[in-house]
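Remarks on the structure that follows.
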Amino acid sequence: MQKAIEKAVDLLFESLPFSKENEECKENILYLAAQKYERDLEEGSCPAEAAGNFLIHSDTLAHIRTYLGAKTLKDTSSAETAEEEQLFRRVQKRLRRNYILLSLFTALALNCVIAFFLNLSVRNFIIVIVECSVFGILLHLILKKQKHIVKQYRFFDASFVYTCRKIAEEKYDFYTKKLTNTIFGMFSMVFILFFSLSLGFASLRYSLNEVVNTINFYMFFILLFLFLALKNFFCRKIYANFFCKRKTVEYLCELRRISLASVCYYLFFDIVLLLLRNKTEHIFSIAMTVTAVYLIFAVFYNFTRRRNFTGRNIVFNVRKIICYTLGVVCFLGYSFMRLDLYLLQPYINTVSEVGQNANDILYDEDSGIYTISAKEDRFKILQLTDIHLGGSTLSIVEDTKALKACYALIQETKPDLVVVTGDLVFPMGIMSFSFNNNAPIMQFANFMRNTGIPWAFTYGNHDTEALATLSRAEVDLLMKSLSYKTSKNLLYPYVQPDVYGRSNQMIEIRASDGSLMQALFLIDSNDYVEAGGINEYDYIHDDQVAWYRRTVQNLSKQEGYTIPSMIFTHIPLREYREANDLYESGSSEVTYYYGVLGEKMIDKICCSKYESSLFDTAVELGSTQAIFCGHDHYNNQSLKYKGIRLTYGYSIDYLAMPGIENDTEQRGATLITLHKDGTYFITPFRLIDL
């Protein structure tokens, strides 16, 4: 019945001019009507009768004032002096724009002050004084302009056409809802920052510099929320000035209640989580759950109590719902694609040791060089390349096939060493539906540990993609944690030469009498050129080539002759293309051994467009007998050019290229058999031939 009374009053004022005075009149009538309704109920009238009495007298404003016994109010029924809607729209737009600037400069000034306290110095003190002075002048000018606009148009004292009431009500509701949600978001951000710092201090994990960096990282988001809160508060104030003060006072009281409840909630859980910090490894996951529960409460609040302060609380806007839904789906999808999923573990647990490897392995802590002493005068190396483990629920079938292919090839060849020439994982999002490069690397290391075969690794262009969960430095640390001291079979160097690239190393293969059979150079071909275009591949840089030269010369001097060596890398050198062009032209400068170039997706040979001096240096030194690469999944050609065997490894990939899981001719591995006298044989193994 009270809703009917409110509706009658709304209809009464619907055609009247929109002004602050009229809105106060309306609020006064609603207040008196509610009192009269309650008195009639107390005197024995039923709800329908009490409401009916009011509705009978609600035909005119004068009639209803007389019925309610209200004080004499100015008759505002005339709309002759009402201003146009266009003026209302223009002025409120100017006021909003000024308030947005006011909020922005206030947030920036606060940021300057906080930055000063985080970096105390005389120089910063002078800077903050200058900045705050500038922002202070700008704020003064904005406030002065704001007052001028209000005074010029008598904005809050004038009467506007009745259609402006709907505009003001909609904008009031809009900014009220925005302000409420911003408050919830700001408290969540402050909690995450406060919890991170308190956890760091409690566990002595943060230095003062790390504390400053953490605050600086979160401060951007907190100041963003502060700006939004100020902007929504001031913009809401524009329209709240037209309505009664009681409405604003009640809403501000509600904001205080929300703030107090939020502080108590987050403070309680911050204390609880700090007490549990040493009892669980998932403390941050629990903290995020606490935040998620709080935000669920915020959603529940929006559907319930917030309607007490808005005319239309929940407005279903199809476009907004679609946009928000897409945003949530993208966020959840991105989060899911970064998860560590150890889905290959059941298969890996079934992998058994291929054969007891009796070769001795020594690691030099100073040089970072591994030395493998062969028990026999023959040593077998299996090159695996472009395995492309996806690590997601949608790539589990392809990932399992890839590991089974690797295992079949290892069982068939029984190598003494496996060299993976890049693209072990594929954290691209597309095809793999995963950005995770942590779990797949760990699972492959676990797989190789079960085989009992030592293995080495050089990076490809996909192993540390821009969106991958682990960066270059983090993958390097992960590989070191999985390396020989832990696993006894991953030969990843703990000490690396100070040259460009993520990992460059040399492995010595020595015979039982100590003589050098081969020096294996694993050289990072790097991934993409910084600030380059899509698929603009990097190259082997000059300092890497200089390191290769020094190492060959020093080892040759130590051994007393030009040592035999091989190079393993991922992206083919430009000389691969040069040699193939000569071969296709029928030149005698090139010797063909086997294989084809089946790559068609981008280029026949996808090498860098930048020149590298590695090949010319290798020819000059006369040490390197063969270079092995991957990268081009359908290429497996082997040619000799200028005395060096240029060989593409057979790839494993079931995932990274459309339709490649159904192709079979290109899938396999390359076996390199070394002999004591420095000679070698290269034997391709296709998976379909096993």
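Observations on the structure shown:
- Taking the DSSP beta bridges with both ends in the stretch 361-689, the antiparallel portion is around 55 percent.
- Stretching Tyr594 away from Val122 to a fully extended chain increases their span by 162.8 nm, per 0.36 nm per residue minus the current alpha-carbon distance.
- The stretch 175-193 and the stretch 434-486: distance between their alpha carbon centers, rounded to Å: 40
- A Förster distance of 41 Å, applied to the separation of the beta-carbon atoms of Asn662 and Arg312, puts the FRET efficiency at 0.15.
- Amide H within-cut-off set for Thr624, under 5 Å, with H built and near neighbours excluded: Ser565
- Couplings 3J(HN,Hα) of the stretch 331-337, computed from phi: 5, 5, x, 4, 4, 5, 6 Hz, in residue order, whole Hz [Karplus 6.51 cos²θ - 1.76 cosθ + 1.60, θ = phi - 60°; x for Gly and Pro].
- Residue pairs exceeding 24 angstrom between C-alpha atoms, taken from Lys144/Lys231; Lys380/Lys404; Lys279/Lys488; Lys151/Lys231; Lys171/Lys231; Lys414/Lys642: Lys279/Lys488; Lys414/Lys642.
- Helical mean residue ellipticity (222 nm; -39500 (n - 2.57) per DSSP H run of 4+; nearest 500) of the chain: -17500 deg cm²/dmol
- The string of couplings for the stretch 486-499 from the Karplus curve (6.51, -1.76, 1.60, θ = phi - 60°) is 9, 9, 6, 9, 8, 9, 9, x, 7, 10, 10, x, 7, 9 Hz, one whole number per residue in order, with x for Gly and Pro.
- Remark: spin-label model distance Lys147-Asp377 equals 10.2 nm, labels positioned 7 Å along the Cα→Cβ axis.
- Whole-Å semi-axes of the ellipsoid equivalent to the stretch 308-459 (Cα gyration tensor, √5λ, descending): 47, 16, 12
- In terms of the mean number of neighbouring beta-carbon atoms within 10 Å, the peptides 164-174, 680-690, 326-336, 87-97 order highest first as 164-174, 87-97, 680-690, 326-336.
- Between the amide H of Asn635 and those of Gly598, Glu599, distances stay under 5 Å, these residues lying 5 or more places away or on another chain, with hydrogens modeled in the peptide plane.
- Between Leu104 and Ala48, the FRET efficiency from the beta-carbon distance, with R0 = 45 Å, is close to 0.25.
- Sequence ranges 563-571, 190-198, ranked by mean other-Cβ count within 10 angstrom, highest first: 563-571, 190-198
- Tilt relative to the chain, helix 283-303 - C-alpha long axis, 0 to 90 degrees, to 10: 30
- Shown is the FRET efficiency for Leu260 and Tyr31, computed with R0 = 22 Å from the Cβ-Cβ distance and rounded to the nearest 0.05: 0.20.
- Euclidean distance between Cα centres, the stretch 636-690 to the stretch 351-398, Å: 16
- The chain: angle of helix 438-451 to the longest principal axis, Cα-based, in degrees nearest 10: 30
- Degrees, to the nearest 10: 245-275 long Cα axis against longest axis of the chain: 30
- Note on P(r) over Cα pairs in 10 Å bins from 0, in percent: of the candidates [x] 3, 11, 17, 16, 12, 12, 10, 8, 6, 4, 2, 0; [y] 3, 14, 23, 23, 17, 11, 6, 3, 1, 0; [z] 3, 12, 18, 19, 16, 11, 7, 6, 4, 3, 1, 0, 0, the value calculated from this structure sits at [x].
- Computed from the Cα positions only, the extents of the stretch 83-161 along the three principal axes stand at 57, 16, 14 Å, in decreasing order.
- Couplings 3J(HN,Hα) of the stretch 395-404, computed from phi: 10, 4, 5, 5, 5, 5, 4, 5, 5, 5 Hz, in residue order, whole Hz [Karplus 6.51 cos²θ - 1.76 cosθ + 1.60, θ = phi - 60°; x for Gly and Pro].
- Distance between modelled label sites at Thr673 and Lys414, nm, 7 Å Cα→Cβ extension: 1.3
Each value in this text was obtained by applying a stated rule to the coordinates, not by laboratory testing. All values reported here derive from a predicted model rather than from experimental measurement. Counting neighbours? That spans all protein chains shown, and the Cβs are built from the backbone with ideal geometry, glycine included.
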